[in-house]
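Colleague: Got a structure here, written out as structure tokens. Questions coming.
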Amino acid sequence: MDPKPSDSNHPPILPRDRGRSPFFHGRKEIRTTFRRVLYGHRSLNEGTTFLLQGPPGVGKTALIDKLAKDAKESGWQTVHIGTNTLWDIDDVLSRLGKGGRQLTGVSGEIGIADIGHANLSIDIKGAARTIIKILQDQKKPVLLILDEAQALGKEDLVPKEMKPTVGNVLKEIHNGDLGSPVMLLAGGLGTTEAALNTLGLSRIDRSCDIHLGRLDRESTCGVIRDWLMQVGGVEDDPSPWIEAIAEHTYGWPQHIMSYITPAVEYLCSNHHLMTDEGLEFVLEKGTEYCAEYYESRAHGIDKEWREALARAIMDVPIDGATTRIRIIDDLKQSGLTQEEADKLFNQALEQGIIDQRDGGEYGIPIPSMHNWLIDQYAKNKSQDIPQTPKKLPPKLDQLLPPPNKDDPSGVKKDKGDDRGYSKGSGEFSMER
């Protein structure tokens with residue numbers, strides 16, 4: 001693939017199905033809320049936790065990247081950390097661009113390897129105080145950025161002897177007790193808040209607890225348009241391709257990239273020309289990539305358990321939700337024990353096959369993934385499931401109505417809101 005570059009001095013932009021996105025639309029209210037939180041806590045000289053939760057592929061990492069840039073523009077020092085940063089003093093100093101470290105109660109600068117050789121022990125409370133002191137001594141307000149934060153809930157990730165240190169550091173930041181503006185921006189799956197709670201964090205402020213879902217229609221079309229025109233090199237009106245691709249993505253950022261990848265590949269190999277055959281290729285390959293994505297989400301779950309899960313959710317409407325108890329009961333009706341049903345439910349939640357809604361119910365986050373699970377593992381009863389009607393891709397000679405005069409983008413706008421988090425109805429307005 002050789003995308004048409006706008007400047008020969010810049011390398012081509014390649015589509016990726018995770019991570020940072022060169023083209024970002026939407027999430028305006030979340031970004032506004034985040035900037036307000038930054039300003040407020042800097043004024044109060046204290047910190048807090050800002051949490052982004054959502055299923056895999058919903059665009060957490062891309063949004064975190066944008067929020068980090070917003071923080072930098074607001075005068076904050078942004079520091080990407082790992083889970084070990086919360087207890088490893090060397091790692092804290094390294095990420096802050098500093099040298100060796102000074103242990104509380106130990107003279108001289110000493111590293112982790114030195115501790116092992118000298119048979120020295122670290123005072124756990126002293127380690128926490130040292131990390132906190134390091135953060136307090138920064139000249140600028142500090143934003144600590146932890147992606148995949150749900151990993152903190154894994155049993156063996158944090159050494160048992162270091163969990164008190166991690167808990168103390170997190171609580172000091174979260175409760176604003178450092179006496180300086182230090183914030184934690186944490187992103188992860190829907191299990192992240194529960195993981196933080198196990199380490200002693202109290203309830204997260206409602207305005208700082210964001211549940212991500214799909215993009216609104218306008219933002220979806222905006223991302224697709226940017227890829228087609230700026231990377232695919234399309235010079236004609238891309239509206240037919242935009243509308244056709246958007247219909248298949250359900251506003252899901254990862255799905256957008258599943259269709260954009262073959263779209264850019266086709267356009268850059270065919271003189272940047274849109275054709276009916278090209279669109280057919282894009283939709284076919286994009287559907288294949290989405291199925292591969294669903295298969296990866298179910299990795300590690302035996303077929304029998306996948307079938308049990310499919311039967312458990314087959315009566316739940318697309319975009320609908322049900323309770324954990326009902327899903328567990330249905331799993332047990334398929335022959336699973338209570339322990340097995342609990343394990344399968346938790347695994348499906350951790351791997352993003354199901355997600356939690358604001359009302360405490362659970363459902364399949366993407367309509368097409370709902371269809372895939374039923375079709376693949378409960379085919380004999382799939383005719384009873386309400387399916388999302390499939391739309392045929394428009395022919396290029398079937399032009400869309402002219403854009404609204406007040407809409408310079410030429411993309412028909414949807415009237416959905418742009419808040420970027422759910423209100424329990426199953427309708428979202430989100431972005432990668």
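The values are calculated or read from the model by the stated rules, or taken from the named source; none is laboratory data. All figures in this text were calculated on a predicted structure; none of them were measured in a lab. Neighbour counts run over all protein chains shown; Cβ positions are idealised from the backbone, glycine included. Heads up: the accessible areas ignore ligands, DNA and RNA and are worked out on the full protein's heavy atoms, side chains in. Shrake-Rupley method; radii C 1.70, N 1.55, O 1.52, S 1.80 Å.
Colleague: Would you be able to say whether some residue in the stretch 201-217 is modelled with pLDDT under 90 and polar (S, T, N, Q)?
Modeller: Scanning the stretch 201-217, I find at least one residue that is modelled with pLDDT under 90 and polar (S, T, N, Q), so the answer is yes.
Colleague: Identify all residues within the stretch 35-49 that are modelled with pLDDT of 95 or more, open to solvent by 20 Å² or more (accessible area, probe 1.4 Å) and either in contact with a Phe, Trp or Tyr (Cβ under 7 Å, 6 or more places away or on another chain) or under 19 Å from LEU170 (Cβ atoms) (or both); write none if there are none.
Modeller: none
Colleague: Mind checking which pairs have a first residue in the stretch 223-242 that is on the phi < 0 side of the Ramachandran plot and a second that is in a loop (DSSP other than H, G, I, E, B) and aromatic (Phe, Trp, Tyr), Cβ under 8 Å, 6 or more apart or different chains?
Modeller: From the stretch 223-242, the pairs are VAL223/PHE23; VAL223/PHE24; ASP226/PHE23; TRP227/PHE23; GLN230/PHE23.
Colleague: Scanning the stretch 58-83 for residues that are open to solvent by less than 20 Å² (accessible area, probe 1.4 Å) and either out of contact with any Lys or Arg (no Cβ under 7 Å at 6 or more places or on another chain) or among the hydroxyl-bearing types (Ser, Thr, Tyr) (or both), which turns out nearest to SER219 (Cα to Cα)?
Modeller: The residue in question is VAL58.
Colleague: For the stretch 263-275, which positions are part of a helix (DSSP H, G or I), touching a helix residue (DSSP H, G or I) at 6+ places or on another chain (Cβ under 9 Å) and open to solvent by 50 Å² or more (accessible area, probe 1.4 Å)?
Modeller: Passing the criteria: only GLU265.
Colleague: Please specify each residue of the stretch 208-245 satisfying the condition of being outside any helix (DSSP H, G or I) and of a type in the set (Val, Ile, Thr).
Modeller: ILE210, VAL234
Colleague: For the stretch 28-98, which helices (runs of 4 or more DSSP H) that fit wholly inside it have 3 or more residues that are touching a strand residue (DSSP E or B) at 6+ places or on another chain (Cβ under 7 Å)?
Modeller: 28-44, 60-73
Colleague: Taking the stretch 283-320 as the search range and keeping residues that are free of Cβ contacts under 8 Å to residues at least 40 places away in the same chain and open to solvent by less than 40 Å² (accessible area, probe 1.4 Å), which one is farthest from PRO55 (Cα to Cα)?
Modeller: Here the residue is ALA308.
Colleague: Would you please name the residue that is most open to solvent (accessible area, probe 1.4 Å), looking only at residues in the stretch 212-242 that are charged (D, E, K, R) and more than 16 Å from HIS25 (Cβ to Cβ)? Let's see the steps before the verdict.
Modeller: Initial filter on the stretch 212-242 (charged (D, E, K, R)): 214, 216-218, 225-226, 235-237.
Okay, now just the ones that are also more than 16 Å from HIS25 (Cβ to Cβ), so 235-237.
Values: GLU235: 148, ASP236: 98, ASP237: 91 Å².
The qualifying residue most open to solvent (accessible area, probe 1.4 Å) is GLU235.
Colleague: Suppose the filter is surrounded by fewer than 21 Cβ atoms within 10 Å (Cβ to Cβ) and farther than 21 Å from GLU350 by Cα; does THR249 pass it? Spell out how you get there, then give the answer.
Modeller: Working: surrounded by fewer than 21 Cβ atoms within 10 Å (Cβ to Cβ): no; farther than 21 Å from GLU350 by Cα: yes.
It is false that THR249 is surrounded by fewer than 21 Cβ atoms within 10 Å (Cβ to Cβ) and farther than 21 Å from GLU350 by Cα.
Colleague: Among the residues of the stretch 270-282, how many are within 16 Å of MET257 (Cα to Cα) and in contact (Cβ under 8 Å) with a residue 60 or more places away in the chain?
Modeller: 1
Colleague: GLY251 is checked against (1) closer than 23 Å to TRP372 by Cβ; (2) assigned to a helix (DSSP H, G or I) and fails just one. What number does that condition carry?
Modeller: (2)
Colleague: Take the residues in the stretch 246-285 that are under 22 Å from ARG217 (Cα atoms) and among the polar types (S, T, N, Q), then tell me which one is modelled with the lowest pLDDT.
Modeller: Here the residue is GLN254.
Colleague: In contact with a Gly (Cβ under 6 Å, 6 or more places away or on another chain) and not small (Gly, Ala, Ser), is that true of ARG306?
Modeller: no
Colleague: Hey, another quick one. Mind telling me which of the residues LEU178, LEU185, LEU152 ends up being open to solvent by less than 20 Å² (accessible area, probe 1.4 Å), under 19 Å from LEU44 (Cβ atoms) and either among the polar types (S, T, N, Q) or not in a loop (DSSP other than H, G, I, E, B) (or both)?
Modeller: From the options LEU178, LEU185, LEU152, the qualifying one is LEU185.
Colleague: For LYS140, only one of the following conditions fails: (1) modelled with pLDDT under 95; (2) more than 30 Å from SER269 (Cβ to Cβ); (3) crowded, with 20+ Cβ neighbours inside 10 Å. What is its number?
Modeller: The one condition LYS140 does not meet is (3).
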